[in-house]
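Notes follow the structure.
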Amino acid sequence: QADLAMHEAKEAGRNTLRFFDQEMQAAAFARSELEAQIRHALQEEQFHLYYQAQLDWHGRVTGAEALVRWRHPQRGVVLPGEFIPLAEDTGMILQLGHTILKRACKQLAEWSARAESAQLDIAVNISARQFQHASFVDQVMDVLAQSGANPGKLRLELTESMLVENIDDTIEKMNRLREFGVRFSLDDFGTGYSSLLYLKRMPIEYLKIDQSFVRDILNDPNDAAIVRTIISLGKSLNLGIIAEGVELEAQRKYLEHYGCSLYQGYLFSHPLPPDEFEAFLLSRHHRDGPA
Ligand code: C2E
Ligand code: MG
Ligand code: MG
Ligand code: MG
């Protein structure tokens, strides 16, 4: 009986092992497949930046967040949630991130040269692996120099979790870029770990309230309380506040009442290709008032 049990256990173990092996192989295959696809897509220039407007409380467009889209020949427009995490796993994010930064800075230089868009800032999302790379600061400075973009109009969006890794190193990197003129926003604020101590030590200009809090601001008293707390925290630390995911006029009003600085969301505009963003900008110039 004991022998039999032993035998069964061994069999089960072997099967588990075999199963696990196959699964790992499949995952490894999928990863290298995707890596090859991303490399190919980079060569074919299938990654494009869309721009989503950010507005102040007068309803003026002050800038745009660059959001990457993969225009896949078969699959159509693929959203970043489907490839950014995988690009991070494979390391392809370094090349992709560099391409994104170059594209955004080129756009910034172009917009700065035209009267109707001269004042715009561009915000660029930076992934952890990209930020933690030893040459990140040099890379940003090189891209800025080569594009001729004004560093003071580039805002890098970092997330809380990537800042707590190597605090001293992180602060040094941020300070070097800040001295060069580059500014920072803390993205998805409230969803990660944040120590208020770091917030104070880091050269951050804006906190971005995550859209998960904004979504239910009108119905969920807890979310509303969190949003009010983030706004008042921002005010006391002398930071601006950007609300993302603003879809309703009533949400905008609520945020405005508590003193939110900038607004971003479908209420104003979806992320748009550059030419459509420019058309949106012109249409805003011909009207007054918020939203
Ligand atoms: P995020 O930086 O928090 O960007 C905000 C996301 O909210 C965007 O999704 C945007 O399209 C979406 N959004 C904006 N307004 C609304 C709204 O009113 N309602 C709703 N439901 N959603 C809204 P997207 O473009 O799919 O990007 C998702 C995430 O992918 C971004 O979150 C960011 O973390 C990452 N990502 C996007 N572009 C890049 C990039 O160029 N580089 C890196 N490293 N990450 C990127
Ligand atoms: Mg962002
Ligand atoms: Mg965000
Ligand atoms: Mg978010």
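Here are the numbers for this structure:
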quantity	calculated
Options Q107, G148, P203, ranked by Cα towards positive dipole end of segment 106-228, top entry (Cβ charges)	G148
For D188, D220, order by how many other beta-carbon atoms lie within 10 Å, fewest first	D220, D188
Separation of alpha-carbon centers, segment 212-291 and segment 78-151, rounded to whole Å	23
Lys, Arg +1 and Asp, Glu -1 on Cβ, resulting dipole of the chain about Cα centre, debye, nearest 20	700
Degrees separating the helix 274-285 axis from the principal Cα axis of the chain, which is the longest one	30
Per principal axis, descending, Cα span of the chain in whole Å	83, 47, 40
Relative contact order (%) - criterion: Cα under 8 Å, at least six apart; region: the chain	18
Computed lengthening from E172 to S32, 0.36 nm per intervening residue step minus Cα-Cα distance	47.0 nm
Computed [θ] at 222 nm, helices only, for the chain once each DSSP H run of length n ≥ 4 contributes -39500 (n - 2.57)	-16500 deg cm²/dmol
Under the Karplus curve 6.51 cos²θ - 1.76 cosθ + 1.60, θ = phi - 60°, whole-Hz ³J(HN,Hα) for segment 26-39, x wherever Gly or Pro sits	5, 5, 5, 5, 4, 5, 5, 4, 5, 4, 4, 5, 5, 4
Over 29 Å between alpha carbons, listed pairs K153/K253; K106/K235; K106/K200; K173/K235; K153/K208; K102/K208	K106/K235; K106/K200
Karplus-derived HN-Hα couplings along segment 212-225 (A = 6.51, B = -1.76, C = 1.60, θ = phi - 60°), whole Hz, x at Gly and Pro	5, 7, 5, 3, 10, 3, 8, 10, 9, x, 5, 4, 4, 5
Cα gyration tensor category, rounded, prolate or oblate, for segment 80-119 with a/c compared to 1.5	prolate
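No value in this document is a laboratory result; all are computed from the given coordinates. Source: prediction; values computed, not measured. Methodologically, a virtual Cβ is constructed for each residue, glycine included, from the backbone with ideal geometry; neighbour enumeration extends over all protein chains shown.
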